[in-house]
Amino acid sequence: MRYLRLGPGDRLPVLGQGTWHMGERGRDRKAEVEALRLGLDLGVSLIDTAEMYGDGGAEEVVGEAIAGRRDETFLVSKVLPHNASLRGTIAACERSLRRLGTDRLDLYLLHWRGGHPLAETLEALDRLRTDGKIRHFGVSNFDRDDLRETWRTPCGEHVVTDQVLYNLTRRGPEFDLLPWCRERGVPVMAYSPIEQGRLLRDRVLAEVAQRHGVTPAQLAIAWVLHQPGVCAIPKAATREHVEQNAAALEVTLTPEDLSALDTRFPPPSRPEPLEML
């Protein structure tokens, strides 16, 4: 596993396991738990979840998967914006901890901006950090201007990451967000690196993948991992997906590959609004 620097003295795995839509159907639970455990076996220790996913069901799946293996896991969850008041953030975190069966999170994120004042949310996150219930905190779906405002807000200097939608078809963050974060040593976590599967039908992506003897999904993940300062969080709901995701770490893209992908999926030439799924 490769790592990115996360705040002072810690590190973030460059590849994680996403859990969006997990915990929604009881019949899938066993397979979901087994997939996450396999990921841990393969060294993919970062597991990303949220109170929103499956109305807490995904956190319960993760809790079952990491039982007895908490110290192997870099655990990430998120608070919903409507819960992100001073008291609400703390209460939401405590509910997440109960569902996950742990006493701490490695990273806790504000899922996206909402109606509660940012300063209030950051104060709550900092209290959770001081109390040892979370080790780090960050944000999700923040554009560059949001991050600038965050860093000017009390406690904002402790924000260590931004999780955003970023893949070959959603390259807007490259224009201003990624450079801003790189200058400050803030890693970016990329969710939906294969665009919920829609990228897999692309002919150019398939051709480049074929040259490497890998799947289009692996190639799309490898492209995200190639970007400096970026971590990828593909969904990990089946054993096959987990094995393929982990193998993407071994793919090395050539200048020819990157040129072909840039031609097919041009990088942004001007600022673009940050997209969300």
Original post:
Any residue in segment 102-113 that is touching a helix residue (DSSP H, G or I) at 6+ places or on another chain (Cβ under 8 Å), β-branched (Val, Ile, Thr) and either modelled with pLDDT of 95 or more or under 18 Å from GLY16 (Cα atoms) (or both)?
Top reply: yes
Subject >> Within segment 226-256, considering residues that are closer than 24 Å to PRO187 by Cα and touching a Lys or Arg at 6+ places or on another chain (Cβ under 8 Å), the one surrounded by the fewest Cβ atoms within 10 Å (Cβ to Cβ) >> reply: PRO228
Original post:
How many residues does segment 139-153 contain that are among the polar types (S, T, N, Q) and either free of Cβ contacts under 8 Å to residues at least 12 places away in the same chain or under 16 Å from GLU183 (Cβ atoms) (or both)?
Top reply: 1
**OP:** Taking the residues in segment 1-31 that are over 14 Å from the mean Cα position of the chain (by Cα) and buried (at least 19 other Cβ atoms within 10 Å of the Cβ) as candidates, determine which candidate is modelled with the lowest pLDDT.
**Re:** GLY7
Subject >> helices (runs of 4 or more DSSP H) lying entirely in segment 164-273 (those with 1 or more residues that are hydrophobic (A, V, I, L, M, F, W, C) and under 19 Å from ASP143 (Cβ atoms)) >> reply: 177-183, 216-226
Original post:
Pairs under 7 Å by beta carbon, first residue more than 20 Å from ARG11 (Cβ to Cβ) in segment 218-234, partner among the polar types (S, T, N, Q) and assigned to a helix (DSSP H, G or I), six or more apart or different chains?
Top reply: GLN218/GLN244
Original post:
Out of all the residues in segment 91-100, is one or more buried (at least 20 other Cβ atoms within 10 Å of the Cβ), out of contact with any helix residue (DSSP H, G or I) (no Cβ under 7 Å at 6 or more places or on another chain) and in a strand (DSSP E or B)?
Top reply: no
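The values are calculated or read from the model by the stated rules, or taken from the named source; none is laboratory data. These figures come from a predicted structure and were not determined experimentally. Glycine gets a Cβ as well: all are built from the backbone with ideal geometry, and neighbour counts include every protein chain shown.
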